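The values are calculated or read from the model by the stated rules, or taken from the named source; none is laboratory data. Only a predicted model underlies this, so the values are computations on that prediction, with no experimental measurement involved. Every residue, glycine among them, receives a Cβ derived from its backbone with ideal geometry; neighbour counts consider all protein chains shown.
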Amino acid sequence: MTTYKFLASDSASAMEEVVKKLGPDALIISTSKKGNKVEIEATNNFSNREKQKDTKGNFSDVLHSKIDSLREKQRNRIYNRETSDLEIKNARTSSINQSQSSEMVKVREQINHLQNMLSGMVITDERGLNEKTGNDLSLKLRQLEFTPTIVSSLKPAYHGLKLDRGHSAFLKAFSNKIACEEIEDIFKSEVIFIAGPSGAGKTTLSAKIAARIMDEKRREKPTLVSAESELVNGQDDLAYYSKLLNLQKLNYKLDENCRSFADVCTGQKIVDISLIAEEGRYLIENVRNQLGATRVATILCLPSGSSKELINYQINKYEDFNPIAAFTKVDECQIFPRELCVLADKNVKIGFLTGSKTILGSLALSEPDVLFSHLESYITSELNYE
């Protein structure tokens, strides 16, 4: 093998000499230091170069091979990073799409709710109402505080009728919707619970229901029962009414699982619940479990003129027991449409209307016809006034 040695002050100068002598394709065999000089041994014998390539490879080829390997690794890293970034982006996009989808569902629900609220709404002052709109029955019923849902749902009953006939048709349909048609079945229950807020007239209503049962001349008289957390000595109106009606009056103190309730007495019981709501629920639930739900009735006593909030609260407390509503003190305060609409929305039937001045003969069963007459007596005047 013919080789040439080139000596120069530095490697760059030595390489220039190699290129001048052997050309740009010269093969560098070795590079060494000779004192302050750099010596490069090179050859242009290509057969030997190929042999060197086959054995261990020259510097240029090794360098290019390394560079190619590094480039491939770099491409793989870039591809993997882009793939990872794409997966993360897709995951974020999916999360954003799910969030946006959930938000869109909420927006649609809100729009539907607003559409229901705005259904039939007229936003204007009295000067902006034409004669046709001003005499529209739906508008007048809304002004009387019947809810938009009720006015809309009962529209087939009065649609196309004149004002006087239309309002009667609406009140009949509304009375049929909320009045209890099987109210007489209440008096056949083995236990009748009278629940409701303090001061609503539960004790008086208990006596009136007992009097109504006695009017039917049944063989066995009912027993009036006072259910209390702690039996106290004080004014006992239920005892007074029991003497007035010649009925037995007993006390029941709440105990665990209400085991002793069945031992209070035999026969029909009318129970005046003078307990907090949670205790009242506890008593009703346990007695229903012992006797069966069909043998127990729950009457929710509500004073006329109650706020929607109070009625909602009381219904929510006892709704598991399918209560029948009884409005008391109707001789002192009217029953307003906004109160009755709460019953309609909660699917609670009204069974009794009663005043507060007398016991005998003052309990009206609010069957559809009775309730219609009661509502028409003052709503007609309100409509005419409007």
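A few points about this structure:
- Residue among Lys329, Lys349, Lys308 that is among the basic types (Lys, Arg) and closer than 14 Å to Ala200 by Cβ: Lys329
- Within the set Asn286, Asn312, the sole residue that is free of Cβ contacts under 8 Å to residues at least 40 places away in the same chain, at negative phi, over 25 Å from the mean Cα position of the chain (by Cα) and in the same structural domain as Asp185 (by TED's automatic domain parsing) turns out to be Asn286.
For every residue, the table says whether it meets (1) touching a Pro at 6+ places or on another chain (Cβ under 7 Å); (2) more than 19 Å from Ser304 (Cβ to Cβ); (3) in the same structural domain as Val296 (by TED's automatic domain parsing); (4) surrounded by fewer than 18 Cβ atoms within 10 Å (Cβ to Cβ).
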{"site": "Glu145", "(1), (2), (3), (4)": "yes, no, no, yes"}
{"site": "Val151", "(1), (2), (3), (4)": "no, yes, no, no"}
{"site": "Gly160", "(1), (2), (3), (4)": "no, yes, no, yes"}
{"site": "Leu163", "(1), (2), (3), (4)": "no, yes, no, yes"}
{"site": "Ile192", "(1), (2), (3), (4)": "no, yes, yes, no"}
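- Hits in the range 289-309 (condition: assigned to a helix (DSSP H, G or I) and over 25 Å from the mean Cα position of the chain (by Cα)): Asn289, Gln290, Leu291, Ala293, Thr294, Arg295
- Picking from residues in the range 330-375 that are within 14 Å of Arg212 (Cβ to Cβ) and modelled with pLDDT of 85 or more, the one that is surrounded by the fewest Cβ atoms within 10 Å (Cβ to Cβ) is Leu353.
- Residue under evaluation Ile276, criteria (1) loosely packed, with under 15 Cβ neighbours inside 10 Å; (2) touching a helix residue (DSSP H, G or I) at 6+ places or on another chain (Cβ under 9 Å); (3) of a type in the set (A, V, I, L, M), criterion not met: (2)
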